[in-house]
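Structure record follows, encoded as structure tokens.
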Amino acid sequence: MIEKTAAELSASLAAREVSSEELTRAYLDRISSLNEQLNAYITVCAESALEQARSADEKRAAGDSSPLLGVPIAHKDIFCTNGVTTTCGSRMLHNFVAPYDATVVENFNKAGAVLLGKTNMDEFAMGSSNETSYFGPVRNPWDTKRVPGGSSGGSAAAVAADLCAMATGTDTGGSIRQPAAFSGITGFKPSYGRVSRWGMIAFASSLDQAGPICKSAEDAALMMNVMAGHDPKDSTCANIPADDYTAGLENSLSGLRIGIPKQHFAEGLSADVEQSIRDALSEFEKLGATIKEIELPNNHLSVSAYYVVAPAEASANLSRYDGVRYGYRCEDPVDLEDMYKRTRSEGFGDEVKRRIMVGTYALSAGFYDAYYRKAQKVRRLIKNDFDLAFKDVDVVIGPTSPHTAFELGAKSDPVAMYLEDIYTIAVNLAGLPGISIPVAPVAGLPVGMHIVGDVFAESKLLNVAHQFQKHTDWHKLKPVITGGEAS
Amino acid sequence: MAFDKSEVEKVAQLARLHMSEAETAEVASRITDILALIDQMQSIDTDGVEPLAHPLDVTQPLREDKVTEIDRRDELQTLAPATEDGLYLVPKVIE
Amino acid sequence: MEWETVIGLEVHVQLSTESKLFSGSATAFGAEPNTQANIYDLALPGVLPVLNKEAVKRAVKFGLAIGAEIGKHSVFDRKNYFYPDLPKGYQVSQLDFPTVGKGSLTITLEDGSEKVIGVTRAHMEEDAGKSLHEDFHGMSGIDLNRAGTPLLEIVSEPDLRSAREAVAYLKKLHSIIRYLDISDAIMAQGSMRCDANVSIRPKGQKEFGTRTEIKNINSFRFVEKAINYEVQRQQDVIEDGGEIVQETRLYDADRDETRSMRSKEVANDYRYFPEPDLLPIELDDAFIESVRAELPELPDARKERFIRDYELSEYDAGVLTSEREMADYFEAVAKHSGDAKLAANWVSGDLLALLNKNNMEIVDSPIDAGRLGTLIARIKDDTISGKIAKTVFEAMIEDSSGVDEIIESKGLKQVTDSGEIEQLVDQVIANNPDQVQQFRDGKEQVLGFLVGQAMKLSQGKANPAIVNELLRKKMA
């Protein structure tokens, strides 16, 4: 049962084939047996999950038929969850029990989803491998020597290993899509402003966006129906009605115009990964789509611009962690200055500190124009490239990552790690929706196909991904977890 | 551009981060590499390009002037490292 | 050498909205510590700002009142620095695109001439919390109730040339703000705060000298004292061959001096950048015009009207319109009494003296406009004389009953009965034969003395006009 998609579970619950309580127990059992090995969860909420499950069963008995009622979910530990420790993967917040719910959390609560726990992540979402977490790295269920990707690595591993039915993630430069690709699952980053950021701990405010990490595009649509929509608590949240994201899933792809960016099939892309993507593309042709090569001429500058914009915003966003009102404070500070410096140096890990330093530098007197302003201009050029592309094509398709999951510790050089997101970052800079779905694996490791749409074309993207999954089985492949007491 | 130790110290001070001698050297070299990556964007001419601060081309919504928050001091101060008489305590602030 | 002083003021005004600039927390003054500091104000992880419409309206209102350009496109920025009373580690402010641009206001100098002072800009920003320095076992206490209260920072051009001018500017600003009712603007409570940038230069020199910024000036009087102290200090330094250091100085009212704030000497680099949690504010003409339609009559216009309609002197009109409450009070008295001229004399004279003596605001006056109006009406209808009115006025301070009751109960009613007055007049004529003879010989001035004698006999209650008339008749 636990291997099913959320949509399938929804049907099973509706048909009373299983109760939410039974389902929740099954996931909790699975978590008990595998989490030690995978380290996907930071916090497991066993008791409250069972309570929520029983309440969901009661609601169902009373006639409530909400699609996700009683379906067990895991939230990335970046979402504030009332009464639950919310760490953001950092020592800084290791003891922070959030006194309020993020809008995303509140929406899933209202939909009746059962919260199993909070998933591991790169510290403050800064990383592409989940190795920067204060709570230790997450292991890839497909090969526990390898990383699951990041920063939403805990959510990705939990979904891939059936430690939950579905999970939430956040994506600032690829943090939903790249771990989805590495972990062989579906990960969807909506357009900037589609999902509220209230209660989602900020990394880079103009780039961060929450989205589903799940087992199919159909599940992503079900989750988006809960997550998307206007929120007056987030000024940057779009005041445009959300779609019914399941409504267009069955639309035909006949006549779909797919753009293939030359720059995403260039030097650096592993030949095997490229082959998997090209094979998948021919699948789309069978479904009636036409394929055309396009140019994203400024894509190569996206990593440069991103590593100014994101650290700059982060450097300010992380200034609130000062040991005064919540979170970590160093022992026995001798004075105020000492409290600030030791609290922040002891509370943050190396990668976070590095990015704060880069961002602080980029904003400092004399460098603002050369770095921050320049990056904002490059950002405009990158967005213009996409605007131009979407005049001719409906979606842009390429690889999510240049290669499959790498081994823990393989990328100790930050710059090498940053280049992991070469295909995903531009999408954040332009504020577009993007989805990663599994295609043919390479040497037993998952490969993700990246589909990008125009702004607020979420329904179109989900339709394209769903049709692909209807005609292929790559998303149904499951890892065989070895090395622990795995099943 | 090389990011030297004195730059590390200056920026660490602005960011209120403590850097040991050993860390300073390590950070200087890492950041030098990162800046080299960032500086790739200097290769492109952006004269006349309007900076993009925000992907969404929308304007700021305005909220009605109403008090919507209640006093949660006691609950919120359980999160704090040190409080007394309803105040957050910090090492002496010198004006 | 003759020196010229150059002053520019940065005035922070707390906008008196119900809720904070970016959160729904209350802004009441004097609440228990941290009871008005909620999750946004405490900068908890994940919180986001939403802009208070009323704060924007008030900023625009101020802009329109000083004839400023209104920023149709304004942008919030983050100003980054660490301080325990600044929970986010940055203050949300406006750098390049403030909501209010260039404007000006006119001040009246001591010689009665007018001077236009430029306002460079006025921008919205969040207030910080407060550090309490009482000793908590060697620690400081932080109260964040004030954190996030909307502020308007009003920056003047360096157009002011003396401490007096600075005070006049500040008072004019205060007056406009109170007329607009956008802030309590009480310096003692910190809802209006002033920093002064002061420099001196040899008279005739074009370039500005090095300036210092004086902080912590919390009354109009201290503004004058602090600037005068600082000007003298700068002169002494330069005349002793020294140089002025650009720095922030703190005014110490107890010692009446400014001193360097060494703790602020660490070079600040605020790393401003556009606040990504907020979008640009776009104001359309309809919004601006709707705010304009709400503008009250402002001090300058009211002063002109008082001169025109009530035939007041420039000076009286100036005094009576400097505070909106004062002007309202005066107009109520004028209307009630039916004599604007007398009303102006009474309000700017006896009433103001009374308030100043007791350090009271006009709204706290023990004599309300209605009662003062009635008092003046009683002078006009000859119930009492102007002199007796002063006695009644004194009584009204302690006694809150009606004017007529006070006159009645104290027996102060003017004697207008000719018979009664005739007796008095006869007595005066009998008692002062010499003066009567002098009058009859054509010495007109003596009449005044004789009237005075009659009034004295009546204990001031006789109607002087009737006394006058009867005396003339009897001595003819």
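The values are calculated or read from the model by the stated rules, or taken from the named source; none is laboratory data. All of these numbers come straight from a predicted model, not from anything done at the bench. Because the Cβ atoms are built from the backbone with ideal geometry, glycine has one as well, and the counts that use them run over all protein chains shown. Note: accessible area is taken over every heavy atom of the protein model, side chains too, but ligands, DNA and RNA are not part of it. Shrake-Rupley method; radii C 1.70, N 1.55, O 1.52, S 1.80 Å.
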For region B:82-94, what does the Karplus curve 6.51 cos²θ - 1.76 cosθ + 1.60, with θ = phi - 60°, yield as ³J(HN,Hα) per residue in whole Hz, taken in order and with x for Gly and Pro? 8, 9, 7, 6, x, 9, 7, 9, 9, x, 2, 8, 9
Pairs from B:K66/C:K53; C:K225/C:K357; B:K66/C:K20; C:K380/C:K461; C:K61/C:K88 whose Cα-Cα separation, in the structure shown, is over 20 Å: C:K225/C:K357; C:K61/C:K88
Those aspartates and glutamates that a straight Cα-Cα span of less than 12 Å connects to C:K115, excepting residues fewer than 8 apart in one chain: C:D159, C:E165
For chain C, calculate the relative contact order in percent as a whole number, restricting contacts to Cα pairs under 8 Å that are 6 or more residues apart. 14 percent
A drop of at least 30 square angstrom in accessible area, chain alone versus all protein chains together, probe 1.4 Å. Which residues of region A:93-142 meet that? A:F96, A:P99, A:Y100
Charges on Cβ only, +1 for Lys and Arg, -1 for Asp and Glu, centred on the Cα centroid of region A:80-188; of A:T170, A:T86, A:L116, which one is farthest towards the dipole's positive end? A:L116
Of the options C:G242, C:F22, C:I66, report the single residue whose Cα projects farthest towards the positive end of the charge dipole of region C:3-290 (beta-carbon charges: Lys, Arg +1; Asp, Glu -1). C:I66
Just counting partner chain Cβ atoms within 10 Å, what average do the residues of peptide B:6-12 show around their Cβ? 4
Return the carbon/sulfur percentage of the accessible area of the protein assembly as shown, one whole number, probe 1.4 Å, all protein chains in place. 48 percent
Considering only protein heavy atoms, what per residue accessible area in square angstrom results for region C:3-290 with a 1.4 angstrom probe? 37 Å²
With every protein chain in place, what's the accessible area of B:T78 (1.4 Å probe, Å², nearest 10)? 110 Å²
Quote the charge dipole size of region A:368-435 about the Cα centre in Debye, to the nearest 20; the model charges only the Cβ of Lys and Arg (+1) and of Asp and Glu (-1). 400 debye
Note down the relative contact order for chain A as a percent, whole number, built from C-alpha pairs under 8 angstrom at least six residues apart. 18 percent
So for R0 = 30 Å, FRET eff. of C:E405-C:N468 from the Cβ-Cβ r, to 0.05, ends up at 0.50
Residue-level accessible surface for C:D350, protein heavy atoms, 1.4 Å, Å²: 40 Å²
Just flag the chymotrypsin sites (Phe, Trp or Tyr not before Pro) in region C:284-346 sitting in loop per DSSP whose Cβ has no more than 11 other Cβ atoms within 10 Å. none
Buried solvent-accessible surface, both chains (A, C), 1.4 Å probe, Å² to nearest 100: 2800 Å²
Between C:R164 and C:K387, how high is the FRET efficiency from 1/(1 + (r/R0)^6) when r is the Cβ-Cβ distance and R₀ = 41 Å? Nearest 0.05. 0.65
For helix B:21-38, what angle does its Cα long axis make with the longest principal axis of chain B, in degrees from 0 to 90 and rounded to 10? 70 degrees
Give me the accessible area buried between chains B and A, both sides summed, with a 1.4 Å probe, in Å² rounded to the nearest 100. 5200 Å²
Per the 1/(1 + (r/R0)^6) rule, R0 = 51 Å and r from the Cβ atoms of A:S282 and A:S65, FRET efficiency to 0.05 is 0.80
Using a cut-off of 10 Å between beta-carbons, work out the net charge of the residues near C:R164 (Lys and Arg +1, Asp and Glu -1, C:R164 not included). -2
For region C:297-409, dividing by residue count, accessible area per residue (probe 1.4 Å) in Å² works out to 49 Å²
Let me check I've understood the local charge: for A:E295, count other residues with C-beta under 12 angstrom from its C-beta, Lys and Arg +1, Asp and Glu -1. What total comes out? -1
Selected from A:F96, A:Y41, A:N428, residue furthest toward positive end of dipole (chain A; charges at beta carbon): A:N428
Give the accessible area for A:C164 in Å² (nearest 10); use a 1.4 Å probe, count only protein heavy atoms, and leave out ligands, DNA and RNA. 0 Å²
Mind checking which lysines have their Cα closer than 16 Å to the Cα of A:K478? Skip sequence neighbours fewer than 8 apart in that chain. A:K4, A:K215
Would you mind giving the total buried accessible surface between chains B and C, with a 1.4 Å probe and ligands, DNA and RNA left out, rounded to the nearest 100 Å²? 3900 Å²
Using only helices, what value at 222 nm comes out for the protein assembly as shown when you add -39,500 (n - 2.57) per DSSP H run of length 4 or more and divide by the total residues, to the nearest 500 deg cm²/dmol? -11500 deg cm²/dmol
For C:S219, A:S183, give me the order by solvent-accessible area with a 1.4 Å probe, most accessible first, ignoring ligands, DNA and RNA. C:S219, A:S183
Qualifying GluC sites (Glu not before Pro) in region B:26-85, DSSP loop, other Cβ atoms within 10 Å at most 16: B:E64
In the structure shown, do any of C:K387/C:K410; C:K102/C:K171; A:K374/B:K10 have a Cα-Cα gap over 25 Å, and if so which? none
Could you give the dipole magnitude of region C:3-290 about its Cα centre, charging the beta-carbon of Lys and Arg +1 and that of Asp and Glu -1, in debye to the nearest 20? 220 debye
Within a Cβ distance under 15 Å of A:E458, other residues only, what is the Lys/Arg minus Asp/Glu net charge? -3
Work out from phi, with θ = phi - 60° and the Karplus expression 6.51 cos²θ - 1.76 cosθ + 1.60, the ³J(HN,Hα) of each residue of region A:201-216, listed in order in whole Hz, and give x for Gly and Pro. 5, 6, 9, 10, 4, 8, 10, 4, 8, 8, x, x, 10, 7, 9, 6
Note down the nm distance, to one decimal, between modelled labels 7 Å out along Cα→Cβ at A:A271 and at A:S33. 4.1 nm
For region C:297-409, the dipole about the Cα centre with charges only on Cβ (Lys and Arg +1, Asp and Glu -1), to the nearest 20 debye, works out at 280 debye
Over region C:352-476, what relative contact order in percent results from Cα pairs under 8 Å that are six or more residues apart? 24 percent
As I understand it, the value is the acute angle between the Cα axis of helix C:163-180 and the longest principal axis of the Cα atoms of chain C; what does it come to in degrees, rounded to 10? 90 degrees
